[in-house]
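See structure below.
No value in this document is a laboratory result; all are computed from the given coordinates. Please read these numbers as outputs of a predicted model, since none were measured by experiment. We place every Cβ from the backbone using ideal geometry, glycine too, and count neighbours over all the protein chains shown.
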Amino acid sequence: MTAARNAVSVWTARVVPVFLALIVAYASYVITGPLAIQFLLNPPEGLPKRTALGLALPIAYLFLLIPVAATWVRLLVVVWREPGYIPLGAPRDPAAQEPAPGLEDFWLLDAFACDARGLPIWCPHCNNWKPDRTHHNQDVGRCTLKMDHFCPWVGGVVGERSYKFFVQFNFYSFLLSGYTLAVLAYFVAQGGESNDLKVQWLIALGLAGFFAFFTIGITLNSIWMVFRNVTSIENIDAFSRTMLLAVLLPPELQGKTLEGPPTPPQAHLRPDSSPSRSGESEMPLTSDLDDPSHSTYFSNLQTPRPPRRSSNLPFQERIWRGTVTYPLYLPIDRPPLPAPQPRTFAILETLPGMNVWDLGSAYRNFKAAFGDSPHDWLLPIRHSPCCDHTSLISQYPLGPDFEELLIEAGLVARPKHFHPREDVVPHDSKSATASRKRRRKRRLDDGWQNGERPDGWFSEKEARRVRNDARRRMRGDLPGRDAYQ
Ligand SMILES: [Zn+2]
């Protein structure tokens, strides 16, 4: 089934771009040949010769064609050559108990999307962890960063690396087809005498009309989603969906969650039955040797324990789903270095309608996808700023809803100028949304959108330096993050 779907999709993806090129070629031919040369420059008997118009119309068409071609080529190159797939992992033994490698890409950050155990989301097809906003696509069989949709028109998956070019391509295609539609409609309405010319005009007119409406619809819909910082996938049930986030606890809570007798975690790590450890199965885990605290994992499998209870936080119990402490285990072949500092994360469930990646205003969200300056908005050259994953805080910048989540979870004190929460229950109602928007506006000046942490949260430079060191130790080196150009 999947194979058949793959075959059909790949076949469509190869044929449709050719088909599209033929349509553009035909429209170009009709504008230059049957309209400009055969009708305006060499008019039929009894009609005046219109040289200026016969030259201006095809030249204007050409000027509109250039950005369409440029964005299309850029889009195809990105979609076919570097669409933002996550790497495929080695096939896993289903009986393996320890998590697959690569977790440090997540727990060295301060927040990441997770499952109920506090692990990042796992893709069983790609055998790898999925960064935030990544989705698996059946058509190509790969996970794509910030995947939007599979697009047969461009022959592949549109994701964070291609979305800007996709929207630009649609916008410029609308300008071109709209222009073609207007020009041909004018001359068809004028009533050309020559019937064989008019047939060609009408065919091109129909195609231009179809594409003009098609592309303006896609452009407007895409821009609307860009303004809200959602992908097509996230937009489904955007106002009722919830998700789980692992959020680094502030330092004053880091030690406390490790107190008491933890239930042995289900995924407690015994050094057996793992393919990667065959031949070394008698050896204890490094973490058991050099850091006793590493036996404390998946504390969320116990009864959830909010850090502190407060009647001002009516949603706290609903949000608080437990904690998880990383690293879960240390590879046994690592160099003999001190174990990294354990990092305990709260597992928080967002309230319905929250979008933690919404940066708080349409303009900020637009700039995250399209860049800071108008030439970035118009030219298909630079990648979106959201392709930059070098932040040590999260894979994508977090916005005011994230801050609100921390406040509601009791991890951050509510700023004085925030209204108490009681006035805005329940989240799903219209008045609550409006109220949230008002609050969001007030918080815009606080530097949130630059990935800074809220007041009272963990933000010392020293912690960042230690984390960088740990990251380097875990990997041997920082990998080249060349996604952002
Ligand atoms: Zn996948």
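When +1 charges are put on Lys and Arg Cβ atoms and -1 charges on Asp and Glu Cβ atoms, the dipole computed for the stretch 25-175 relative to its Cα centre reaches about 640 debye. Per-residue Cβ neighbour counts within 10 Å put 105, 237 in the sequence 237, 105, beginning with the fewest. This ranking places 134, 12 by how few other beta-carbon atoms lie within 10 Å of each, fewest first, which gives 12, 134.
Cβ-Cβ distance of residue 199 and residue 362, R₀ of 51 Å, FRET efficiency by 1/(1 + (r/R0)^6): the value works out to about 0.65.
Counting neighbouring beta carbons within 10 Å and listing from fewest to most, the residues 164, 130 come out as 130, 164. Full extension of the chain between residue 232 and residue 55 yields a length gain of 59.5 nm, computed as 0.36 nm times the residue separation minus the alpha carbon distance.
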